[in-house]
Amino acid sequence: MKVVLTGGGTGGHIYPALSLWRYMQRRIDPLDCLYIGTRNGLEQSIVRPLDLPFVTVDAAGLRRQVSLQAVRTLLVTARGYFQARRLLRRFRPDVVVGTGGFVTLPVVFAAKSLGIPSVIWEGNARPGLTNQLCARKSEAVAVCFPESERYFRGARRVVLTGNPRASEVISVDSAAKRQALDTYRILRGQKVVLIFTGSRGSESVNRMIAQMLPRFAQHPDWRCLFVTGEAHYDETVRELGALPRNVSIHPFISDMPSLLPHVDLIISRAGSSTLAEICALGIASILIPSPYVTANHQEENARNLVHAGAALMIREQDLTVDRLWDGVVDLLKPDKLAAMKERAKSFGQPEAVERLYDLVMSAVRS
């Protein structure tokens, strides 16, 4: 069976596609898979090192307003469409799976023109324009939030599957989890706080967190791992002085599924993959939604957990060192921590990758 995966720009679009790929490797023999991304997207550094063929096409974000930049974007997308057509005609896949990002549109539209079925996966509560347009060209749309369905009224079929990352983080083998304890110097009995602000990091939030880190010296029974994002690592390290022994700084963590089972509290953005991992494992969280994403969709993602008492949300404009630290101290109280973990786990969808796989296979059969 031949499958094309496409999605890029952020880890929230890339990692779910890779979770599906790994699951399909276990279920389909032989499997011939091709990943289509862009030259400048994060997928370059994430997908290329894997044993997964990777090619690129041109793509750019669509704009709703008429302008010179919108015309240029349309021309780039058209060029990517014809590049995708040539790739698909040569590879001849049985199905295309798009997980969002600019690159999804030219690939899915090219698949439709060649009679190749496609499935769109949407991780956010409020989808972007790209996936809304692609949904009309696809056999089915997979969503992670029930309220997302209203945005896909023109789709043939909309199915609630959840995020494939939820399935991946709960299936990590015990040896990998033990290795993570050694790698990140986590001692028995320590409460683990993981801080990361998305696959690319956030300069403004990192600066606030850096001011908070010295306070961890007050709690030697806690362990703090701060992931800055590769673009901000050097600057953050230069600005920080000596840190408490129970705090470490990392530019990126590649084995996140192995680390997460040891985490008690996460401070992060509210991307769909992050929330899927939090809920699958039942981890307490302080969410700082990015205000720079389309339609402020991260805040909408977070609100689903917050209303159920499964997370605490602090908007970036309201973020202060004291408020963030007070949230950490409060949530790490045993009773509050246990209650929030339980509520978060009630949102978990551990069968998500299997549901998405079944949807993809039904598109192939149809």
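Looking across the stretch 332-351 at every residue that is open to solvent by less than 40 Å² (accessible area, probe 1.4 Å) and touching an Asp or Glu at 6+ places or on another chain (Cβ under 9 Å), the one that is farthest from Ile28 (Cα to Cα) is identified as Leu332.
For the stretch 78-116, filtering for residues that are of a type in the set (S, T, N, Q) and open to solvent by 10 Å² or more (accessible area, probe 1.4 Å) leaves 2.
Taking residues in the stretch 27-50 that are within 19 Å of Tyr15 (Cβ to Cβ), and partners anywhere that are of a type in the set (Phe, Trp, Tyr), the pairs with Cβ atoms closer than 6 Å and at least 6 places apart or on different chains are Cys33/Trp21; Leu34/Phe91; Tyr35/Phe54; Val47/Tyr35; Val47/Phe54; Arg48/Phe54. Do the conditions hold for Ala310, that is, is it in contact with a helix residue (DSSP H, G or I) (Cβ under 9 Å, 6 or more places away or on another chain), surrounded by 22 or more Cβ atoms within 10 Å (Cβ to Cβ), in a helix (DSSP H, G or I) and hydrophobic (A, V, I, L, M, F, W, C)? In short, no. When each of Ala242, Ala276, Ala231 is tested for being in contact with a helix residue (DSSP H, G or I) (Cβ under 9 Å, 6 or more places away or on another chain), part of a helix (DSSP H, G or I) and surrounded by fewer than 17 Cβ atoms within 10 Å (Cβ to Cβ), the lone residue that passes is Ala231. In the stretch 204-216, is there at least one residue being part of a helix (DSSP H, G or I), in contact with a Cys (Cβ under 6 Å, 6 or more places away or on another chain), open to solvent by less than 10 Å² (accessible area, probe 1.4 Å) and not β-branched (Val, Ile, Thr)? Yes - at least one qualifying residue is present in the stretch 204-216.
Of the residues making up the stretch 117-126, those that are buried (at least 23 other Cβ atoms within 10 Å of the Cβ) and modelled with pLDDT of 95 or more number 5. Consider the stretch 37-54 and keep the residues that are surrounded by fewer than 15 Cβ atoms within 10 Å (Cβ to Cβ) and not small (Gly, Ala, Ser). The one that is modelled with the highest pLDDT is Pro53. Beta carbons closer than 6 Å, at least 6 apart along the sequence or on distinct chains, never pair a first residue in the stretch 170-196 that is at positive phi with a second that is surrounded by 14 or more Cβ atoms within 10 Å (Cβ to Cβ) and of a type in the set (Gly, Ala, Ser).
This table checks each residue for (1) touching a helix residue (DSSP H, G or I) at 6+ places or on another chain (Cβ under 9 Å); (2) over 30 Å from Pro261 (Cβ atoms); (3) not aliphatic (A, V, I, L, M).
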| site | (1), (2), (3) |
| --- | --- |
| Gln69 | no, yes, yes |
| Leu75 | no, yes, no |
| Ala84 | yes, yes, no |
| Arg92 | no, yes, yes |
| Val103 | yes, yes, no |
| Gly123 | yes, no, yes |
| Ala140 | yes, yes, no |
| Arg150 | no, yes, yes |
| Ala166 | yes, no, no |
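Of Val329, Val293, all but one fail to be at pLDDT 95 or above and either open to solvent by less than 20 Å² (accessible area, probe 1.4 Å) or of a type in the set (Val, Ile, Thr) (or both); the exception is Val329.
Answer with yes or no whether Arg136 is basic (Lys, Arg) and either touching a strand residue (DSSP E or B) at 6+ places or on another chain (Cβ under 8 Å) or in contact (Cβ under 8 Å) with a residue 60 or more places away in the chain (or both). In short, no.
Among the residues making up the stretch 313-352, those that are in contact with a strand residue (DSSP E or B) (Cβ under 7 Å, 6 or more places away or on another chain), within 22 Å of Val169 (Cα to Cα) and of a type in the set (A, V, I, L, M, F, W, C) are Leu337, Met340, Ala344.
The values are calculated or read from the model by the stated rules, or taken from the named source; none is laboratory data. The model shown is predicted, which means the values in this text are computed figures rather than measured ones. When we count neighbours, we look across all protein chains shown, and the Cβ atoms used for this are built from the backbone with ideal geometry, even at glycine. Please note that ligands, DNA and RNA were not included when accessible areas were found on the heavy atoms of the full protein model with its side chains. Shrake-Rupley method; radii C 1.70, N 1.55, O 1.52, S 1.80 Å.
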